[in-house]
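The next block holds one structure in the form of structure tokens; read it before the comments.
The values are calculated or read from the model by the stated rules, or taken from the named source; none is laboratory data. Not measured: the values here are computed from a predicted model. Here the Cβ positions follow ideal geometry from the backbone for every residue, glycine too, while neighbour counts run over all protein chains shown.
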Amino acid sequence: MSTETANWCDRCGEAAATGSHDACRAAREFEPPRFCASCRRRMKVQVLPSGWSAVCVAHGETTSAG
């Protein structure tokens, strides 16, 4: 994954600096990201019993810790 600054919310896809995104942060504790935080592209997400992976075509794959 790239080390770029997160410009976009990875749950709703809106600008990270706009609004509070409290609901997004709360939901992300239980859900995988849906949007790339670097480029706002919708990601391909796979959820398995052991965790999740999300792939951005421009920035690569992110996975859950567990």
- Quick one: which residue in 14, 29 is among the acidic types (Asp, Glu) and under 15 Å from residue 64 (Cα atoms)? 29
- Can you name the residue in region 6-50 that is β-branched (Val, Ile, Thr) and modelled with pLDDT of 95 or more and, of all such residues, is nearest to the chain's Cα centre (by Cα)? 45
- Out of (1) in contact with a Phe, Trp or Tyr (Cβ under 8 Å, 6 or more places away or on another chain); (2) at pLDDT below 95, what's the single condition that is false for residue 3? (1)
- Task: Please go through region 52-65 and pick out each residue that is surrounded by fewer than 17 Cβ atoms within 10 Å (Cβ to Cβ), small (Gly, Ala, Ser) and under 17 Å from residue 11 (Cβ atoms).
- Result: 53, 64
- Within region 12-38, the residues that are surrounded by 15 or more Cβ atoms within 10 Å (Cβ to Cβ) and in contact with a strand residue (DSSP E or B) (Cβ under 7 Å, 6 or more places away or on another chain) are 13, 16, 32, 33, 34, 35, 36, 37
- Message: Which condition from (1) loosely packed, with under 12 Cβ neighbours inside 10 Å; (2) touching a helix residue (DSSP H, G or I) at 6+ places or on another chain (Cβ under 8 Å) is the one that residue 5 breaks?
- Response: (2)
